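The values are calculated or read from the model by the stated rules, or taken from the named source; none is laboratory data. Because the structure is a prediction, the values reported are computed rather than measured. A quick note on method: Cβ atoms are made from the backbone with ideal geometry, for glycine too, and the neighbour counts reach across all protein chains shown.
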There are 2 protein chains.
Amino acid sequence: MARKTGSHSEITGPRIRAAARTLFARHGFAAVSMRQIAAAVGVQAGALYLYTPDKETLLFDLLKEHMDDLIAAWEAEPQGIGPVARLEAFVRFHIRHNLDRPEAVFLSYMELRNLGPANFAAIEGLRRDYETRLETILREGVAAGVFAAPDTKIATLAIIAMLTGVTTWYREGGRLSRDRVGDIYWDMVRKAVAA
Amino acid sequence: MARKTGSHSEITGPRIRAAARTLFARHGFAAVSMRQIAAAVGVQAGALYLYTPDKETLLFDLLKEHMDDLIAAWEAEPQGIGPVARLEAFVRFHIRHNLDRPEAVFLSYMELRNLGPANFAAIEGLRRDYETRLETILREGVAAGVFAAPDTKIATLAIIAMLTGVTTWYREGGRLSRDRVGDIYWDMVRKAVAA
DNA sequence: GATTGTATTGAACGCGCGTTCAGATAATCT
DNA sequence: AGATTATCTGAACGCGCGTTCAATACAATC
């Protein structure tokens with residue numbers, strides 16, 4: 001037996017990435033075998049190598065895709081006028097975007113160490129790229145006198161850590177709606193950098 | 001050949017835990033083999049089983065030890081008078097304590113998923129225990145009118161995520177001293193929950 | 001209906017895994 | 001000095017790993 005009826009490259013490729021994302025997020029990169037991923041897709045392990053040169057590249061592609069998606073989505077987000085409105089937009093965007101893809105978020109800051117130096121540097125660069133966008137907002141706000149932060153670089157990292165943490169506890173259908181979560185975090189962030 | 005001169009149980013046991021902590025933190029639990037740990041200690045893999053029944057228990061002991069240590073250290077910390085002083089003490093304590101043992105901190109929130117249900121629940125309980133201590137401070141402050149937080153449970157998680165994030169970027173001998181980092185984070189936390 | 005090209009299988013490769021255990025050695029005790 | 005005990009070695013167990021590849025089955029084209 002070989003190929004099953006109706007199977008195509010355009011279908012199997014994305015299904016492999018989706019299965020890998022879920023399994024890596026749930027059990028960790030090193031704990032998931034290529035055979036498990038293949039089984040989740042419904043193919044044999046050998047077939048995966050039509051879509052990725054090796055296991056690490058499969059992980060890298062997931063992380064890269066996530067970071068590109070994140071940055072592109074923020075670029076497309078309607079930007080408010082002035083640092084305060086822009087910061088609010090960032091806070092609400094980051095929470096919403098991350099809650100929509102918790103597995104990818106989880107992966108992106110848990111499995112970086114499984115990349116080789118070159119791949120690691122590529123993802124790390126994208127992450128810094130994203131962080132710089134927040135820091136720019138903070139610096140402009142400080143310059144305009146509407147924010148007060150003793151160190152904008154650290155404020156950036158602190159805010160992102162705080163916001164990204166939402167994915168670790170938020171449960172769909174729980175006590176709070178996404179909008180309410182956005183309200184609460186915006187309240188804290190706004191006050192944390194208030195002039 | 002067998003036992004080397006001067007080797008003792010009281011020495012080898014801690015050395016195994018230390019090596020495991022470092023290797024698990026660096027490469028991840030699943031990616032580290034018992035043979036690697038043994039090699040780092042300078043014994044054969046079989047010898048590890050005099051000190052742990054299996055690999056998962058070795059991880060569990062590290063996580064449990066860390067959480068017990070964290071809670072005990074906070075209990076021993078001089079508590080200020082009133083919610084504001086207590087919150088400041090908590091912020092500075094958490095940063096200082098975590099910066100002193102970055103590997104254990106890393107492990108404690110990255111490798112929980114490698115525990116079985118019972119061990120997982122035990123660590124999770126300790127974590128909640130610790131978080132409750134912060135939430136109590138916040139609730140007392142809100143009741144006293146010195147803090148304003150729309151949701152103390154979420155404020156707790158947000159603050160802890162923010163503070164714990166320090167370990168991901170702080171480098172010894174870098175731009176900022178530990179005390180300065182404490183100052184900056186205390187400034188942000190204080191304002192974030194200000195009435 | 002035959003041919004061609006793509007998608008997939010299934011078996012195999014060498015290797016390292018977690019764990020066990022009989023035997024060997026060093027320290028301690030009598 | 002001899003016996004005992006604690007500590008560790010080294011080899012072995014079955015198993016699953018990431019990866020490769022010839023063979024094969026299907027889909028598309030002619």
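Let's see how each residue does on (1) under 15 Å from A:M162 (Cα atoms); (2) surrounded by 20 or more Cβ atoms within 10 Å (Cβ to Cβ); (3) away from every other protein chain (no Cβ under 14 Å):
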position: B:E111; (1), (2), (3): no, yes, no
position: B:N114; (1), (2), (3): no, yes, no
position: B:R127; (1), (2), (3): no, no, no
position: B:E140; (1), (2), (3): no, no, yes
position: B:A143; (1), (2), (3): no, no, yes
position: B:A158; (1), (2), (3): yes, yes, no
position: B:W169; (1), (2), (3): yes, no, no
position: B:G182; (1), (2), (3): no, yes, no
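Out of all the residues in the stretch A:23-54, which are surrounded by 14 or more Cβ atoms within 10 Å (Cβ to Cβ), within 14 Å of chain B (Cβ to nearest Cβ) and not in a helix (DSSP H, G or I)?
Within the stretch A:23-54, A:G28, A:V32 qualify.
For the stretch A:25-70, name all the residues that are small (G, A, S) and more than 12 Å from DNA strand C (Cβ to nearest atom).
A:A25, A:G28, A:A40
So that you can scan it fast, the table gives a plain yes or no per residue for (1) touching a Phe, Trp or Tyr at 6+ places or on another chain (Cβ under 7 Å); (2) at pLDDT 95 or above:
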| residue | (1), (2) |
| --- | --- |
| A:S7 | no, no |
| A:G13 | yes, no |
| A:R35 | no, yes |
| A:L63 | no, yes |
| A:E77 | yes, yes |
| A:L87 | no, yes |
| A:F93 | yes, yes |
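Taking B:L163 as the residue in question, decide whether it is crowded, with 18+ Cβ neighbours inside 10 Å and either modelled with pLDDT under 95 or within 13 Å of chain A (Cβ to nearest Cβ) (or both).
Values: crowded, with 18+ Cβ neighbours inside 10 Å: yes; either modelled with pLDDT under 95 or within 13 Å of chain A (Cβ to nearest Cβ) (or both): yes.
The answer is yes for B:L163.
Identify the single condition in (1) in contact (Cβ under 8 Å) with a residue 40 or more places away in the chain; (2) within 21 Å of A:M110 (Cβ to Cβ); (3) charged (D, E, K, R) that B:R133 does not satisfy, given that it satisfies every other one.
If we test B:R133 against (1) in contact (Cβ under 8 Å) with a residue 40 or more places away in the chain; (2) within 21 Å of A:M110 (Cβ to Cβ); (3) charged (D, E, K, R), just (2) comes out false.
Here is a check on your reading of the model: is A:A121 surrounded by fewer than 16 Cβ atoms within 10 Å (Cβ to Cβ) and in a helix (DSSP H, G or I)?
The answer is yes for A:A121.
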